[in-house]
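Novice: Sharing a structure with you now.
The values are calculated or read from the model by the stated rules, or taken from the named source; none is laboratory data. Bear in mind the structure is a predicted one, so any value in this text is a computation, not a measurement. Counting neighbours? That spans all protein chains shown, and the Cβs are built from the backbone with ideal geometry, glycine included. Each accessible area value is taken on the protein alone, full model and side chains, heavy atoms only, with ligands, DNA and RNA left out. Shrake-Rupley method; radii C 1.70, N 1.55, O 1.52, S 1.80 Å.
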Amino acid sequence: MTDQQLIIVGFMGSGKTTVAREVARRLNRAVIDLDDFITMSAGRSPAEIIQQDGEPSFREIETRVLDEVLRQNPAAIIAAGGGAWTIAENRRLISKVGARTVWLDAPFELCWKRIESNEETRPLAPSMEAAEQLYQNRCPVYELADLRITIAEGESVEEVAAKIVSLFTQSQNREP
Ligand code: S3P
(Lines give C-alpha, C1' and ligand atoms only; values in the text may rest on other atoms or scores of the structure.)
Protein backbone atom coordinates (compact mmCIF):
# COMPACT_ATOMS: atom_id res chain seq x y z
CA MET A 1 0.00 0.00 0.00
CA THR A 2 1.33 3.47 -0.83
CA ASP A 3 1.75 6.01 1.95
CA GLN A 4 -1.32 8.18 2.29
CA GLN A 5 -1.10 11.93 2.62
CA LEU A 6 -2.22 13.36 5.93
CA ILE A 7 -3.80 16.81 6.05
CA ILE A 8 -3.82 18.59 9.39
CA VAL A 9 -6.83 20.86 9.79
CA GLY A 10 -8.15 23.06 12.58
CA PHE A 11 -8.63 26.62 13.70
CA MET A 12 -5.94 29.32 13.62
CA GLY A 13 -3.67 28.82 16.60
CA SER A 14 -4.50 25.12 17.02
CA GLY A 15 -0.86 24.25 16.24
CA LYS A 16 -1.18 22.76 12.74
CA THR A 17 2.23 23.81 11.43
CA THR A 18 4.32 22.76 14.42
CA VAL A 19 2.42 19.51 14.85
CA ALA A 20 2.74 18.71 11.12
CA ARG A 21 6.53 19.10 11.35
CA GLU A 22 6.77 16.73 14.30
CA VAL A 23 4.44 14.15 12.72
CA ALA A 24 6.48 14.29 9.50
CA ARG A 25 9.72 13.84 11.45
CA ARG A 26 8.34 10.78 13.26
CA LEU A 27 7.03 9.21 10.05
CA ASN A 28 10.05 10.24 8.00
CA ARG A 29 7.81 12.04 5.53
CA ALA A 30 7.99 15.40 3.77
CA VAL A 31 6.11 18.25 5.43
CA ILE A 32 4.28 21.00 3.59
CA ASP A 33 2.73 24.16 4.95
CA LEU A 34 -0.03 25.16 2.54
CA ASP A 35 0.19 28.85 3.50
CA ASP A 36 3.95 28.84 2.73
CA PHE A 37 3.24 27.35 -0.70
CA ILE A 38 0.60 30.01 -1.31
CA THR A 39 3.14 32.68 -0.36
CA MET A 40 5.70 31.20 -2.76
CA SER A 41 3.20 30.80 -5.56
CA ALA A 42 1.47 34.19 -5.22
CA GLY A 43 4.45 36.21 -3.97
CA ARG A 44 2.29 37.46 -1.08
CA SER A 45 1.23 35.93 2.22
CA PRO A 46 -2.37 34.74 2.78
CA ALA A 47 -2.90 37.71 5.13
CA GLU A 48 -1.69 40.16 2.47
CA ILE A 49 -3.89 38.59 -0.20
CA ILE A 50 -6.95 38.73 2.07
CA GLN A 51 -6.25 42.33 3.05
CA GLN A 52 -5.53 43.53 -0.50
CA ASP A 53 -7.90 41.45 -2.65
CA GLY A 54 -10.44 40.05 -0.18
CA GLU A 55 -11.13 36.56 1.11
CA PRO A 56 -12.81 35.16 -2.05
CA SER A 57 -9.64 35.84 -4.12
CA PHE A 58 -7.55 34.18 -1.44
CA ARG A 59 -9.82 31.10 -1.44
CA GLU A 60 -9.39 30.72 -5.21
CA ILE A 61 -5.61 30.75 -4.87
CA GLU A 62 -5.77 28.42 -1.88
CA THR A 63 -7.79 25.84 -3.82
CA ARG A 64 -5.46 26.02 -6.82
CA VAL A 65 -2.34 25.61 -4.67
CA LEU A 66 -3.93 22.81 -2.62
CA ASP A 67 -4.73 20.94 -5.82
CA GLU A 68 -1.11 21.28 -7.00
CA VAL A 69 0.33 20.28 -3.65
CA LEU A 70 -1.90 17.21 -3.40
CA ARG A 71 -1.02 16.04 -6.88
CA GLN A 72 2.71 16.63 -6.56
CA ASN A 73 3.42 15.37 -3.04
CA PRO A 74 1.94 11.89 -2.68
CA ALA A 75 3.15 10.97 0.81
CA ALA A 76 3.40 14.38 2.47
CA ILE A 77 2.12 15.59 5.81
CA ILE A 78 0.31 18.83 4.96
CA ALA A 79 -0.60 21.64 7.35
CA ALA A 80 -3.63 23.41 5.88
CA GLY A 81 -4.64 26.99 6.65
CA GLY A 82 -7.50 27.32 9.14
CA GLY A 83 -10.15 27.88 6.48
CA ALA A 84 -9.00 25.40 3.83
CA TRP A 85 -11.04 22.44 5.08
CA THR A 86 -14.21 24.58 5.36
CA ILE A 87 -14.40 24.93 1.56
CA ALA A 88 -16.38 22.11 -0.09
CA GLU A 89 -14.23 22.07 -3.23
CA ASN A 90 -11.09 21.58 -1.10
CA ARG A 91 -12.70 18.68 0.75
CA ARG A 92 -13.58 17.16 -2.62
CA LEU A 93 -9.97 17.47 -3.85
CA ILE A 94 -8.66 15.91 -0.64
CA SER A 95 -11.07 13.01 -0.85
CA LYS A 96 -10.32 12.49 -4.55
CA VAL A 97 -6.65 11.77 -3.83
CA GLY A 98 -7.58 9.52 -0.90
CA ALA A 99 -5.77 11.62 1.71
CA ARG A 100 -6.58 11.30 5.40
CA THR A 101 -7.50 14.34 7.49
CA VAL A 102 -7.00 15.01 11.17
CA TRP A 103 -8.67 17.82 13.12
CA LEU A 104 -6.64 19.43 15.88
CA ASP A 105 -9.57 20.14 18.17
CA ALA A 106 -8.15 22.82 20.46
CA PRO A 107 -10.37 24.90 22.75
CA PHE A 108 -11.08 28.43 21.51
CA GLU A 109 -9.38 30.00 24.55
CA LEU A 110 -6.11 28.26 23.68
CA CYS A 111 -6.32 29.24 20.00
CA TRP A 112 -7.09 32.84 20.91
CA LYS A 113 -4.21 33.04 23.38
CA ARG A 114 -1.85 31.93 20.61
CA ILE A 115 -3.42 34.20 17.98
CA GLU A 116 -3.09 37.18 20.31
CA SER A 117 0.50 36.51 21.32
CA ASN A 118 1.65 35.77 17.77
CA GLU A 119 3.16 38.47 15.57
CA GLU A 120 1.46 37.05 12.48
CA THR A 121 -1.39 39.16 11.05
CA ARG A 122 -4.68 37.27 10.94
CA PRO A 123 -7.21 39.42 9.12
CA LEU A 124 -10.01 36.92 9.74
CA ALA A 125 -9.54 37.15 13.51
CA PRO A 126 -9.57 40.94 14.10
CA SER A 127 -11.16 40.65 17.56
CA MET A 128 -11.88 37.92 20.07
CA GLU A 129 -15.62 38.12 19.34
CA ALA A 130 -15.14 37.77 15.58
CA ALA A 131 -12.68 34.91 16.02
CA GLU A 132 -14.96 33.06 18.42
CA GLN A 133 -17.93 33.38 16.05
CA LEU A 134 -15.81 31.99 13.21
CA TYR A 135 -14.61 29.17 15.48
CA GLN A 136 -18.21 28.24 16.39
CA ASN A 137 -19.30 28.33 12.75
CA ARG A 138 -16.41 26.16 11.63
CA CYS A 139 -16.44 23.44 14.29
CA PRO A 140 -19.23 21.41 12.61
CA VAL A 141 -17.17 21.35 9.40
CA TYR A 142 -13.91 20.46 11.15
CA GLU A 143 -15.85 17.52 12.59
CA LEU A 144 -16.07 16.06 9.09
CA ALA A 145 -12.34 15.23 9.23
CA ASP A 146 -11.49 11.51 9.34
CA LEU A 147 -9.64 11.71 12.64
CA ARG A 148 -9.90 14.03 15.63
CA ILE A 149 -7.38 14.86 18.31
CA THR A 150 -8.49 16.84 21.34
CA ILE A 151 -5.78 19.26 22.40
CA ALA A 152 -5.48 20.20 26.05
CA GLU A 153 -3.65 23.29 27.23
CA GLY A 154 -0.13 22.40 28.31
CA GLU A 155 0.10 19.34 26.10
CA SER A 156 3.42 19.20 24.25
CA VAL A 157 3.84 19.04 20.49
CA GLU A 158 5.50 15.64 20.99
CA GLU A 159 2.48 14.28 22.86
CA VAL A 160 0.05 15.53 20.23
CA ALA A 161 2.20 14.22 17.37
CA ALA A 162 2.55 10.80 19.03
CA LYS A 163 -1.26 10.52 19.29
CA ILE A 164 -1.69 11.49 15.64
CA VAL A 165 0.92 9.02 14.44
CA SER A 166 -0.78 6.26 16.39
CA LEU A 167 -4.30 7.08 15.11
CA PHE A 168 -3.09 7.62 11.55
CA THR A 169 -1.14 4.36 11.50
CA GLN A 170 -4.12 2.43 12.85
CA SER A 171 -6.41 4.01 10.28
CA GLN A 172 -4.01 3.09 7.48
CA ASN A 173 -3.88 -0.49 8.68
CA ARG A 174 -7.67 -0.65 8.42
CA GLU A 175 -7.47 0.29 4.73
CA PRO A 176 -8.25 -2.58 2.32
C1 S3P B 1 -7.08 31.40 7.64
C2 S3P B 1 -6.04 30.93 8.39
C3 S3P B 1 -4.65 31.24 8.08
C4 S3P B 1 -4.47 31.59 6.60
C5 S3P B 1 -5.44 32.66 6.20
C6 S3P B 1 -6.89 32.23 6.42
C7 S3P B 1 -8.47 31.03 8.03
O8 S3P B 1 -3.83 30.11 8.38
O9 S3P B 1 -4.66 30.48 5.78
O10 S3P B 1 -5.16 33.82 6.92
O11 S3P B 1 -9.39 31.21 7.22
O12 S3P B 1 -8.64 30.52 9.16
P13 S3P B 1 -3.53 29.59 9.90
O14 S3P B 1 -4.66 28.71 10.31
O15 S3P B 1 -2.26 28.84 9.75
O16 S3P B 1 -3.41 30.82 10.74
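Novice: Taking the mean number of other Cβ atoms within 10 Å as a proxy for protection, how do you rank 72-82, 159-169, 17-27 from highest to lowest?
Specialist: Final packing ranking: 72-82, 17-27, 159-169.
Novice: HN-Hα J couplings of the range 122-136 from phi, Karplus 6.51/-1.76/1.60, θ = phi - 60°, integer Hz, Gly and Pro as x?
Specialist: Ordered by residue, 3J(HN,Hα) equals 10, x, 8, 10, x, 9, 5, 5, 5, 5, 5, 4, 4, 4, 4 Hz.
Novice: Taking the alpha-carbon set of the range 6-154, what are its Rg and Dmax in Å?
Specialist: Cα-based Rg and Dmax for the range 6-154 come out at 14.4, 40 Å.
Novice: If the cut-off is 25 Å between C-alpha atoms, which lysines fall inside it for K163, apart from same-chain ones fewer than 8 positions away?
Specialist: Excluding near neighbours in sequence, the set is K16, K113.
Novice: Under a 1.4 Å probe, what is the accessible area of the chain per residue, stated in Å²?
Specialist: 50
Novice: Under 5 Å between amide H atoms, partner at least 5 residues away or on a different chain: which partners does A30 have, H built in plane at 1.01 Å?
Specialist: I77
Novice: Continuing with the same structure: Show me, for the range 153-166, the HN-Hα J-couplings you get by feeding each phi into the Karplus relation (A = 6.51, B = -1.76, C = 1.60, θ = phi - 60°), rounded to Hz, glycine and proline as x.
Specialist: So the J values, rounded to whole Hz, are 4, x, 6, 7, 4, 4, 5, 5, 5, 4, 5, 5, 4, 5.
Novice: Amide H of N73: which non-local residues (sequence gap of 5 or more, or other chain) have their own amide H closer than 5 Å, using H built in the peptide plane?
Specialist: none
Novice: Along the charge dipole of the chain, Cβ charges K/R +1 and D/E -1, which of Q52, T121, Q72 sits furthest on the positive end?
Specialist: Looking along the dipole axis, the top candidate is Q72.
Novice: Related question: With an 8 Å Cα cut-off and a minimum separation of 6 or more residues, compute the relative contact order for the range 6-154 in percent.
Specialist: 36
Novice: Roughly to the nearest percent, how much of the accessible area of the chain is carbon and sulfur, given a 1.4 Å probe?
Specialist: Carbon and sulfur together cover 49 percent of it.
Novice: Using unit Cβ charges (K, R positive; D, E negative) and no other charged atoms, how large, in debye to the nearest 20, is the dipole of the range 6-154 about its Cα centre?
Specialist: Numbers: 18 positive and 22 negative charges, 144 e Å.
The dipole of the range 6-154 has a size of about 700 debye.
Novice: Using the Cα centre of the range 81-170 as the reference point, and only Cβ charges (+1 on K/R, -1 on D/E), how large is the resulting charge dipole? Debye, rounded to the nearest 20.
Specialist: Using only the charged Cβ atoms, the result is roughly 540 debye.
Novice: Show me, for the range 51-68, the HN-Hα J-couplings you get by feeding each phi into the Karplus relation (A = 6.51, B = -1.76, C = 1.60, θ = phi - 60°), rounded to Hz, glycine and proline as x.
Specialist: 5, 8, 10, x, 5, x, 5, 4, 5, 5, 5, 4, 5, 5, 5, 4, 4, 4
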